1. Residue under question is Thr397, and the condition is that it be polar (S, T, N, Q), within 26 Å of Ala357 (Cα to Cα), surrounded by 12 or more Cβ atoms within 10 Å (Cβ to Cβ) and touching a helix residue (DSSP H, G or I) at 6+ places or on another chain (Cβ under 9 Å); does it hold?
2. Taking the criterion of being touching a residue at least 40 places away in the same chain (Cβ under 8 Å) and of a type outside the set (A, V, I, L, M), would at least one residue in the stretch 116-137 satisfy it?
3. Please state which of the following conditions Val335 fails to meet, knowing it meets all the rest: (1) within 16 Å of Met263 (Cα to Cα); (2) surrounded by 19 or more Cβ atoms within 10 Å (Cβ to Cβ).
4. Restricting attention to the stretch 197-209, does a residue exist that is open to solvent by less than 40 Å² (accessible area, probe 1.4 Å), within 21 Å of Leu34 (Cα to Cα), hydrophobic (A, V, I, L, M, F, W, C) and in contact with a Phe, Trp or Tyr (Cβ under 7 Å, 6 or more places away or on another chain)?
5. Considering Ala389, Ala357, which residue is among the small types (Gly, Ala, Ser) and closer than 30 Å to Phe295 by Cβ?
6. If Leu358 meets every condition in (1) open to solvent by 90 Å² or more (accessible area, probe 1.4 Å); (2) part of a loop (DSSP other than H, G, I, E, B); (3) not aromatic (Phe, Trp, Tyr) apart from one, which number is that one?
7. Could you run through the stretch 165-180 and say how many residues are within 28 Å of the chain's Cα centre (by Cα) and open to solvent by 10 Å² or more (accessible area, probe 1.4 Å)?
8. Here are the criteria: (1) part of a loop (DSSP other than H, G, I, E, B); (2) buried (at least 19 other Cβ atoms within 10 Å of the Cβ). Tell me which single one Phe110 does not satisfy.
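The values are calculated or read from the model by the stated rules, or taken from the named source; none is laboratory data. Owing to the predicted nature of the structure, the values given are computational and were not obtained by experimental measurement. Neighbour counts are summed over all protein chains in view; Cβ atoms, including those assigned to glycine, are modelled from backbone coordinates with ideal geometry. Accessible surface is based on the protein model in full, side chains and every heavy atom, while ligands, DNA and RNA are left aside. Shrake-Rupley method; radii C 1.70, N 1.55, O 1.52, S 1.80 Å.
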Amino acid sequence: MEQQTLFGGNDTQPLADRLRPRTLEEFAGQTHLLGEGKILRRLIEADRISSMIFWGPPGVGKTTLARIIARRTRASFIDFSAVTSGIKEIRAVMQRAEDNRRFGDKTIVFVDEIHRFNKAQQDAFLPFVEKGSIILIGATTENPSFEVNNALLSRCKVFVLQSLKTEELVSLLTRALHDPRGFGGQTVDISADMLELIAGFANGDARTALSTLEMVLLNSDTDGNNIIVKMETLEQCISKKSLLYDKTGEEHYNLISALHKSMRNSDPDAAVYWLARMLEAGEDPLYVARRVTRFASEDVGLADPRALEIAVAAYQSCHFIGMPECSVHLTQAVVYLSMAPKSNALYMAYEHAKKDALTQLADPVPLVIRNAPTRLMKELHYGEGYQYAHDTQDKLTDMQCLPDSLLGKEYYQPTTQGIEAKYKARLEQIKDWKRRNGAK
């Protein structure tokens, strides 16, 4: 005897699969590409599709859109997984596509997770893409600039798919409640606020939203053909949000960039938010602490010398006690650095000096500031004329310390921000003394 499902039949497909859009009209989100008059919609409607790559986070419709395109353009559709396929499978698929071409049929080869293919596997597609045997549609959650070979990437148009907005997910969930493929055959008592909570939990992922809705309804009370959703049930199903984060992928760098730039912009609220996003997604707190320590010198520097002390102390605290306790130490450092006066004078000083160091590597160290530990070195005038600053009244000398070709160069140019204003005044005093005493 077949077991009946909640939907009154024996279809055990997940809700996300049953409700997969079949037309552009059913497709949720991506209005920047598929809205009336937008580029991708025009290409699909005019049947002028060429090879392309869909780049976007999970659950935004990459696979679904490829299937809609195949159906709309009356092309054969071959679904190909980069996880389970090798060059042998690629060649077999290409042969099928060649056979279709000889009969005048187009073939769309959809490659999910194309970034998982190595260079040789990606190169295997090239000749078939070039001569038009296939229309390649690749899907990736990773930046194709880094993960797809240049030769293949240059032959594909990249379309960036975005996470769905909350209102788009709510609309999708509402459709699931009324569509016969979803819960259209039943009465579901669920509030608009609950749908908003599910949409927020899904974090822009349509598949997660539909799967969560299905889990909530399957665990809710029933009264005949009615499903009654209680807040307690909903809260149990969404007790932990799964944040989109890949500690080695682009999102990793996006978030640390957001943290760094929020601190630089003196926005402690944004900085703490991005910090929480990283830590709660499982980022190594020591990695964050290292980046915060870098920021202390790169963006604050001598405008507030204590910034580096606090950043190093936060790093040591993370090392001692780890997560979750060290989150408060990182928060202290991030807020302090956000509020501190800003100066990139140290960063700029090093960058300018680095440029000269790389282009003028042959510049010798002036003899006067070389050590002379041997007799020969002394005979060659190493250290001759060296002036020990501590022996002078002003603790300053007119001794030349830069190579001849760099005389007059000024790398460190302090700002007037915070305490650095004092260092600026002191530096001006030093330079004035040296000018008056004939220093080079």
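1. It is true that Thr397 is polar (S, T, N, Q), within 26 Å of Ala357 (Cα to Cα), surrounded by 12 or more Cβ atoms within 10 Å (Cβ to Cβ) and touching a helix residue (DSSP H, G or I) at 6+ places or on another chain (Cβ under 9 Å).
2. no
3. Going through (1) within 16 Å of Met263 (Cα to Cα); (2) surrounded by 19 or more Cβ atoms within 10 Å (Cβ to Cβ) one by one, Val335 breaks only (2).
4. Looking through the stretch 197-209, none of the residues is open to solvent by less than 40 Å² (accessible area, probe 1.4 Å), within 21 Å of Leu34 (Cα to Cα), hydrophobic (A, V, I, L, M, F, W, C) and in contact with a Phe, Trp or Tyr (Cβ under 7 Å, 6 or more places away or on another chain).
5. Answer to the selection: Ala357.
6. (2)
7. 7
8. (1)
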